[in-house]
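The values are calculated or read from the model by the stated rules, or taken from the named source; none is laboratory data. The shown structure was predicted, so the numbers you read here are calculated from the model rather than taken from an experiment. FYI the Cβ positions are ideal-geometry reconstructions off the backbone, even for glycines, and counts take in every protein chain you see. These accessible areas exclude ligands, DNA and RNA; they are computed on the full protein's heavy atoms, side chains included. Shrake-Rupley method; radii C 1.70, N 1.55, O 1.52, S 1.80 Å.
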Amino acid sequence: MPKRILRGVVVSDKADKTITVRVNRKVMHPVYKKYINRSKKYSVHDESNKFKIGQLVSIQENKPI
């Protein structure tokens, strides 16, 4: 089974070796049939602290450790 790849924007890089990424997606409203923007924040490992706020990144899911 392929792993999910999500694209998002870095919102925070204050933690050591961790960044926070906001991923936006569009969802259709069940009644009004309009598309609504939904977002979710993910904490992502960044070993070398090379990503900064505002950069576009791709993240991939991993098995539980």
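Points worth noting:
- Cα-based Rg and Dmax for the chain, where Dmax is the largest Cα-Cα distance (Å): 14.2, 46
- Cβ crowding within 10 Å averaged over residues, with 46-53, 28-35 ranked highest first: 46-53, 28-35
- What you get for the chain, charging only the Cβ of Lys and Arg (+1) and of Asp and Glu (-1), is a dipole of about 460 debye around the Cα centre.
- Solvent-accessible area, 1.4 Å probe, carbon plus sulfur percent, for the chain: 53
- Lysine pair count for the stretch 18-65 [Cα-Cα under 20 Å; pairs on different chains or 8 or more apart]: 8
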